[in-house]
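J.: This is the structure I want to talk about, given as structure tokens.
Rule-based calculations on the coordinates, nothing more; no lab input. Since the model is a prediction, treat every value here as computed from it, not as a measurement. As a convention, Cβ positions derive from the backbone with ideal geometry for all residues, glycine included, and neighbour counts pool all protein chains shown.
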Amino acid sequence: VIQRAYRASVLGVAGLAPVERLVRRHGWRFGARRFVAGEDVTSAVTALRALRAAGREAVVDVLGEYVTEVAQARAMADEVVTTIEALHAAGLPPVMSVKPTQLGLGLDVELAGCLAERVATRAEALGGRITLDMEDARYTDATLALLRRLWGAGFPRTSTVLQAYLHRSPDDLEAMLADAPSGGPLELRVVKGAYVERPQVALHDMPRIREAFTALCERAWRAGARVAVATHDAGLLRELAAFARGAELPPERVEYQLLYGVRPRLQAELVRAGRPLRVYVPVGKDWYGYFSRRLAERPANLALVLRGFTG
Ligand SMILES: Cc1cc2nc3c(=O)[nH]c(=O)nc-3n(C[C@H](O)[C@H](O)[C@H](O)COP(=O)(O)OP(=O)(O)OC[C@H]3O[C@@H](n4cnc5c(N)ncnc54)[C@H](O)[C@@H]3O)c2cc1C
């Protein structure tokens, strides 16, 4: 309960215009840079090379979300395509995570569909692929419809995210398993869920969210899917690694994903233990929403930033 109240307050305060202005002006110096690899693609390439040298793969998120104009959605798609090309030119696979509302899903479903196809076409042509991040529950249906559109348009490796806190996720998983394109395993990422949702929509107590997380991963693995376990929860990571070992899952069906800059020691331990680790790397100038959610996850992160502000 306390954790949920903390998250709701941080995200509530972050939504206030004066706070946003202040943090946008000074937040980079006081903390955003810990969670964001760079404000431009050149610095991202440097970060990705360093990750590779440390035995980690990456999935790149060009920051941006909830765009309010068609021109912004088109500009975002251009930026994602430019990033894909720059990664490829640097010899790095363009494995991308895209937020549907950055491509205009909240404005016009058809526009978002066309832009997502454009991004997926470029990524796949250059040896990469895309995952559709899952945003707040207003967009779950539309995101799943977008996923099916991309599957139908010839991008069967496109994946999305199941949020363990949503009551609907077990049903969404069954529907995805039933509709998944033939010719390869269903790919998905499982997370706890980062948004503030109503109790009618989402679980609020952590033990039940953790149980739901485990159940989703195990069900998906049993049904033949390729699952990215995306959490910094060391207990869950241990439990699911034990399941994967016990079920003798082939290595290509199991991946661990953690966020850039979060729990670096845990990331190093995973690599040392030989677990396939992909780091989610945000890049770009529009880091405010992403940064706010990271602060909302952990009081110590907020304390660090406030200490910076107050000297
Ligand atoms: C690769 C990846 C992709 C994601 N994609 C999505 C998505 O598409 N949609 C979505 O809703 N959510 C997404 N999330 C976020 C996710 O839903 C959670 O909000 C986030 O991962 C925090 O939950 P946790 O599972 O790490 O567990 P928690 O119980 O929050 O944390 C476990 C441990 O990690 C530490 N920790 C957690 N977060 C932080 C942090 N920010 N800084 C420092 N320490 C921290 C905690 O202090 C605790 O010790 C993603 C997360 C990851 C790792």
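J.: Determine which residues of segment 274-295 fall in the zone a paramagnetic label at Gln3 would reach in this model, i.e. backbone nitrogen under 18 Å from the point 7 Å along Cα→Cβ.
T.: Answer for segment 274-295: 293-295.
J.: Can you list residues from other chains, or at least 5 along the same chain, whose modelled amide H is less than 5 Å from the amide H of Val60?
T.: Val95, Met96, Ser97, Val281
J.: Follow-up question, since we're still on this one. Grab the other residues whose beta carbon is less than 12 angstrom from that of Gly184, score K and R as +1, D and E as -1, and report the net.
T.: Net charge in that neighbourhood comes out at +2.
J.: To continue, here is another question. In Å, the Kirkwood hydrodynamic radius of segment 38-101 over pairs of distinct alpha carbons?
T.: Every distinct Cα pair counted, the radius reaches 12.4 Å.
J.: Also, quick follow-up: Kindly give the semi-axes, whole Å and largest first, of the ellipsoid equivalent to segment 177-311, taking each as the square root of 5 times a Cα gyration tensor eigenvalue.
T.: 29, 18, 15
J.: How do the peptides 133-139, 265-271, 295-301 rank, highest first, by the average count of neighbouring beta carbon atoms within 10 Å per residue?
T.: 133-139, 295-301, 265-271
J.: Evaluate segment 10-150: find the radius of gyration of its Cα atoms, find its Kirkwood radius, and give the ratio Rg to Rh.
T.: Looking at segment 10-150, the ratio lands at 0.98.
J.: Sorted from largest to smallest, which semi-axis lengths in Å does the alpha carbon gyration tensor of segment 97-224 give for its equivalent ellipsoid, taking the root of 5 times each eigenvalue?
T.: In descending order the semi-axes read 25, 18, 11 Å.
J.: Set Lys and Arg Cβ to +1 and Asp and Glu Cβ to -1, take the dipole of segment 15-126 about its Cα centre, and tell me which of Val81, Ala50, Thr68 lies farthest positive.
T.: Most positive-ward Cα: Ala50.
J.: Where q = 0.14, 0.15, 0.31 Å⁻¹, what log10 of I(q)/I(0) comes from the Debye formula for segment 152-206, counting one point per Cα?
T.: -0.44, -0.50, -1.28
J.: Let me ask something additional. Taking amide H positions as placed in the peptide plane 1.01 Å from N, state which residues far from Tyr195 in sequence (5 or more) or on other chains have amide H under 5 Å from it.
T.: none
J.: Taking the Cα centroid of segment 132-181 and of segment 251-271, what is the distance between the two, rounded to the nearest whole Å?
T.: Value for the Cα centre distance between the two parts: 23 Å.
J.: Under the Kirkwood approximation applied to all pairs of distinct alpha-carbon atoms, what is the hydrodynamic radius of the chain in Å?
T.: The answer is 19.8 Å.
J.: So, one more: If you average 1/r over every pair of different alpha-carbon atoms in segment 168-246 and take one over that average, what Kirkwood value in Å do you get?
T.: For segment 168-246, the Kirkwood estimate is 13.4 Å.
J.: Can I ask one more? If I model a spin label as a point 7 Å beyond the Cα along the Cα-Cβ vector, how far apart are those points for Arg33 and Arg21 in nm?
T.: That separation, rounded to one decimal, is 2.5 nm.
J.: If we sort 276-286, 234-244 on the protection proxy, mean other Cβ atoms within 10 Å, highest first, what's the order?
T.: 276-286, 234-244
J.: Rounded to the nearest 5, what % of the DSSP beta bridges within the chain are antiparallel ones?
T.: Taking every DSSP beta bridge within the chain, about 5 percent pair in antiparallel fashion.
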